[in-house]
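*Asks:* After the structure tokens below, expect a handful of questions from me.
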Amino acid sequence: MRVVVSGASSGIGLALTRHYLERGASVAAFARRGELLQTLATEFPDQVHCYTLDVRDASAIQHAAQDFVQKVGVPDIVIANAGVSVGTLTEDAEDLYAFKQVMDINVLGMVQTFQPFVHAMTQAKCGALVGIASVAGFRGLPGASAYSASKAAAISYLESLRVELRGSGVKVVTIAPGYIKTPMTDINPYPMPFILAPEVAAQRMARVIERGCSFAVVPWQMGIVGWVMRRLPNWLYDRLFANAPHKPRGLLKR
């Protein structure tokens, strides 16, 4: 099996990378912090192909994709996982940069991760493109407007891509995690129900990918929470969440 994972140096991305490596896959690990990939390179020298890059750099991803395909072959699975989260407030001009960073990484980074592989995978008539979205994309969360907007955009983008590739043999899988214990959630100053260890989350996500589900929430309990949230009338949603605690501002976490 050949797998590509972006954001592979920590959190969900690292857990997914290790999951597939431990099962004998050849993995292309994309990450901005290449030094954090060295442990994987030492532990799995014949399986992991490390590429230090930023998903905002389309050219770098294209070169890495070309190199991996030439060395290993067309991937069976491409997982666009790289993402950031930060508290934002529209009223503060200093947060405009954070808005741009979040959208560039969480949305355009996903597009740029998939793009170099789509043609080869459709030619092979097999494989899966997997996007890691979030339950936060179901409704706009106060104090996390950039993150919620980016994940809502990711969900819609993945749906568009799924329909575009219908009949091509390539599946598009949207995974919306709830709370996973990673550096991204470690800074949250509020309760996180049903939180999962990244290793457990990776196992469940891999099962979703293997089944070829078009959409799944991990853990499933957060799917029920999301279903309820989406169906709350605006007046009730606004009242319930108006005083919800906000994610800390000024801190980007991959």
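The values are calculated or read from the model by the stated rules, or taken from the named source; none is laboratory data. Predicted model, so just to flag it, every value in this text is computed and none were measured. A quick note on method: Cβ atoms are made from the backbone with ideal geometry, for glycine too, and the neighbour counts reach across all protein chains shown.
*Asks:* Kindly list the number of the only condition in (1) of a type outside the set (Ser, Thr, Tyr); (2) closer than 18 Å to VAL130 by Cα; (3) at pLDDT below 95 that fails for GLN38.
*Replies:* Condition (2) is where GLN38 drops out.
*Asks:* Where in the range 1-90 are there strands (runs of 3 or more DSSP E), lying wholly inside it, with at least 3 residues that are crowded, with 24+ Cβ neighbours inside 10 Å and touching a Ser or Thr at 6+ places or on another chain (Cβ under 6 Å)?
*Replies:* 26-31
*Asks:* List pairs: first in the range 54-74 and over 12 Å from PHE117 (Cα atoms), second in a helix (DSSP H, G or I) and of a type in the set (Ser, Thr, Tyr), Cβ under 9 Å, 6+ apart or cross-chain?
*Replies:* Pairs that qualify, where the first residue is over 12 Å from PHE117 (Cα atoms) and the partner is in a helix (DSSP H, G or I) and of a type in the set (Ser, Thr, Tyr), are VAL55/THR113.
*Asks:* Would you call THR113 touching a strand residue (DSSP E or B) at 6+ places or on another chain (Cβ under 7 Å), over 18 Å from LEU16 (Cβ atoms), crowded, with 17+ Cβ neighbours inside 10 Å and of a type in the set (Val, Ile, Thr)?
*Replies:* It is false that THR113 is touching a strand residue (DSSP E or B) at 6+ places or on another chain (Cβ under 7 Å), over 18 Å from LEU16 (Cβ atoms), crowded, with 17+ Cβ neighbours inside 10 Å and of a type in the set (Val, Ile, Thr).
*Asks:* Just for the range 117-134: of the residues that are in contact (Cβ under 8 Å) with a residue 60 or more places away in the chain and under 12 Å from the mean Cα position of the chain (by Cα), which one is surrounded by the most Cβ atoms within 10 Å (Cβ to Cβ)?
*Replies:* Only one residue fits best here, namely ILE132.
*Asks:* Among the residues in the range 97-107, are any touching a residue at least 40 places away in the same chain (Cβ under 8 Å) and farther than 20 Å from ALA31 by Cα?
*Replies:* Looking through the range 97-107, at least one residue is touching a residue at least 40 places away in the same chain (Cβ under 8 Å) and farther than 20 Å from ALA31 by Cα.
*Asks:* Restricting attention to the range 168-207, and to residues there that are part of a loop (DSSP other than H, G, I, E, B) and modelled with pLDDT of 95 or more, which single residue is nearest to GLY127 (Cα to Cα)?
*Replies:* The selected residue is VAL170.
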